[in-house]
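First up is the structure itself, then whatever we jot down about it.
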Amino acid sequence: MATMTTNQYISVRETAQILATTEKKVMDLIEERKLQAYRIADKFLRLKKAEVLNLRNTGKVTQENAQIDYSSAEKVKDFFYFNDFYLLSFSAIIMLLYIIMFT
């Protein structure tokens, strides 16, 4: 009877980290059928860790620089995009405190 590892399937992001490439390159490898991907619950895309490690060990994947340089404007835009809820909540709390204290 074969034993199963706890991390048999990994995400696209984990695959990109193992292959030292970008997530887009991983998706390209899936489309080119160099990697087999599996849909879990018809929502999550997963890959077999053993297949990814095998591909990495064969050296058939060109490694790219996964670090992308962002401009300051892009960093500010991302900050507001990903933290808009917290910024709006903080603003609402400050406004309510002002109304309570000074009216």
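A short reminder: the numbers here are calculations on the coordinates, not readings from a lab. Keep in mind it's a predicted model, so treat the numbers as computed, not measured.
Please list 3J(HN,Hα) in residue order for region 20-34, calculated via the Karplus relation 6.51 cos²θ - 1.76 cosθ + 1.60 where θ = phi - 60°; whole Hz, with x for glycine and proline.
Here the 3J(HN,Hα) series is 6, 9, 8, 5, 5, 5, 5, 4, 4, 5, 5, 5, 7, 6, 8 Hz.
Spelling out what I want: for every residue of region 75-83, take phi, set θ = phi - 60°, compute 6.51 cos²θ - 1.76 cosθ + 1.60 (Karplus), and round to whole Hz; glycine and proline get x.
Each residue's phi maps through the Karplus curve to give 5, 5, 4, 5, 4, 5, 5, 7, 10 Hz.
Which of Lys25/Lys49; Lys34/Lys77; Lys49/Lys77; Lys25/Lys48; Lys24/Lys77 have a Cα-Cα distance over 24 Å? Show your work: numbers first, answer last.
Values: Lys25/Lys49 17 Å; Lys34/Lys77 35 Å; Lys49/Lys77 35 Å; Lys25/Lys48 17 Å; Lys24/Lys77 22 Å.
Check vs 24 Å cut-off fails for Lys34/Lys77; Lys49/Lys77.
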